[in-house]
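The values are calculated or read from the model by the stated rules, or taken from the named source; none is laboratory data. Because the structure is a prediction, the values reported are computed rather than measured. Every residue, glycine as well, gets a Cβ built from its backbone with ideal geometry; the counts of neighbours run over all protein chains shown. For accessibility, only protein heavy atoms count, side chains too; no ligands or nucleic acids. Shrake-Rupley method; radii C 1.70, N 1.55, O 1.52, S 1.80 Å.
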Amino acid sequence: MPFIYRSVIQRSDPTPKARELLAVFPSMVNDCLRAGLEKKMSDFPRIKELCWPRMREYRVHDSYRVSAMFDAANLIKKFQTDSKRTRAGLPRVSNEYFSASLGVYLEAKELLLPGNIRTPLNGHTLAVLRAKGVEVVSATMTQETCSVIYRKFVQGVAPRGMVAVDLNLDNVTTFDTEGESIVYDTSALSQIHEAYRRVKSHFRRNDARMKGTVWRKYARLEHDRKLAVLHSVSSEIVKRAAAKKQAIVMEDLRWLRDMYRRRSGYSAYYLSKMNAWPFRQILHQLAYKAEWLGLPVVTIDPDWTSEKCCECDGLMEVPPVEGIVVCSVCGNAIDRHLNGAKNILRRGLRSGPGWSAGEAVTGSNLPGWETRARVDADNPASQR
Ligand SMILES: [Zn+2]
């Protein structure tokens, strides 16, 4: 994984200079589109040769001339690909925007674009763009927003271990190859869900339009508050994994539906709490944050990870003790979330050398890989 590209967007008010460009840049792109389409060209160097004289007529910085031709070349390429499959309309830019990739810099708390166009950046954008190893690639402005594409050279980490992430109703439990287990409390998620459910239940009125607006507003607030909870948990997990140089093993998104199924038989109340849990979101965050730091991510099929014993694969029974499960075969009594995390870790370690995310990463980098793999292979109960 050489460069990883990301983007950050914020609100911004265009300065008078930026406003002039917003008005003229789409015409520049459309000029290039017309010329390029007529000559059936989509190759940037040829578009540049073809359109440069025309672009010189616009009184803008060279950087924007190049960007307009570049955007046009990409739009034509996309059009040519699309029109092979379906009848695509001729590309044309109608929204006001401009972009620049040459000569875009951070200066103090501003983004400096060619032609001395300055945009103040908010704290979040600044923190993102000033992070170690981050380079600004390009910027796109509209009437309301400024979005910046940035990149970082990410060196794949050769893991010294692995950490398993088990998602539960009220917590996220991790267990790693060093034997450390951490429980992250996420009960706030169902509290937030419940609070908004109660608020929204008051809006059974006749005014459908009013209800729609209010409903959407609360849905967004609820979503944002949940995201904040998830972000703090996923950041902490990835930060610890990075410090210990551990690969992350977690449930495969594709299996989520089965996870619901396997937990069927629970009460309606339980299932409603389940629905409050944005499982996909946290898995996505973990993968996204791990990638940025070069940490490999392993995904496994989570079927039976909570029902089987982490020691012998026997079926777990639920005694009348809160949070504990007991193995019907070997008698192992363990916290049920820890049992789940341990099973996920075992499955991650077993998932074979094919799991590596980068060429530097192989199963043999992990201590105990061979032994664990052999033990599992010898145990017929573990064969699925
Ligand atoms: Zn057992």
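Set the Förster radius R0 to 22 Å, insert the Cβ-Cβ distance between LYS39 and THR81 as r into 1/(1 + (r/R0)^6), and round the FRET efficiency to 0.05.
Computed FRET efficiency for LYS39 and THR81 comes out at 0.75.
Ordered by residue, what ³J(HN,Hα) values in Hz, to whole numbers, does region 191-200 give under the Karplus form 6.51 cos²θ - 1.76 cosθ + 1.60, where θ = phi - 60° and Gly and Pro are x?
The phi angles translate into 5, 4, 4, 5, 4, 6, 4, 5, 4, 5 Hz.
How about LYS239: which lysines have a C-alpha closer than 30 Å to its C-alpha, ignoring those fewer than 8 places off in the same chain?
LYS109, LYS132, LYS152, LYS226, LYS273, LYS289, LYS308, LYS342
With every protein chain kept in the model, how would you rank HIS61, HIS193, HIS202 by accessible area, 1.4 Å probe, largest at the top?
I get HIS202, HIS61, HIS193, largest accessible area first.
So for the pair TRP304, ASP170, with labels modelled 7 Å out along Cα→Cβ, what separation do we get in nm?
Reported label-point gap for TRP304 and ASP170 is 2.9 nm.
Please list, in chain and number order, the residues 5+ apart from GLY161 or on another chain whose amide H is under 5 Å from its amide H, with Hs placed from the backbone.
For GLY161, whose amide H was placed from the backbone, the distant partners under 5 Å are ALA247.
If you line up the Cα atoms of region 3-153 on their principal axes, what length do they span on each, largest first, in Å?
45, 33, 25
By how many nm would the segment from LEU315 to ALA219 grow when fully extended, if each residue of separation counts as 0.36 nm and the alpha-carbon distance is taken off?
30.5 nm
Length gain on complete extension for the stretch ARG92 to GLU322, per 0.36 nm per residue less the alpha carbon to alpha carbon distance?
76.5 nm
For a quick check: with amide H placed at 1.01 Å from N, whose amide H comes under 5 Å from PHE98's, ignoring anything fewer than 5 positions away on the same chain?
Distant-sequence amide H within range of PHE98: MET141.
So between ALA243 and ASN332, what do we pick up on full extension, going 0.36 nm a residue minus the alpha carbon distance?
Stretched out fully, the ALA243 to ASN332 stretch lengthens by 28.9 nm.
Using a basic spin-label model with each label point 7 Å from the Cα along Cα→Cβ, how many nm lie between SER27 and ASN74?
Once both label points are built, they end up 2.3 nm from each other.
Show VAL66, VAL238 ordered by accessible area, largest first, where the area counts protein heavy atoms only and the probe is 1.4 Å.
If we order VAL66, VAL238 from most to least accessible, we get VAL66, VAL238.
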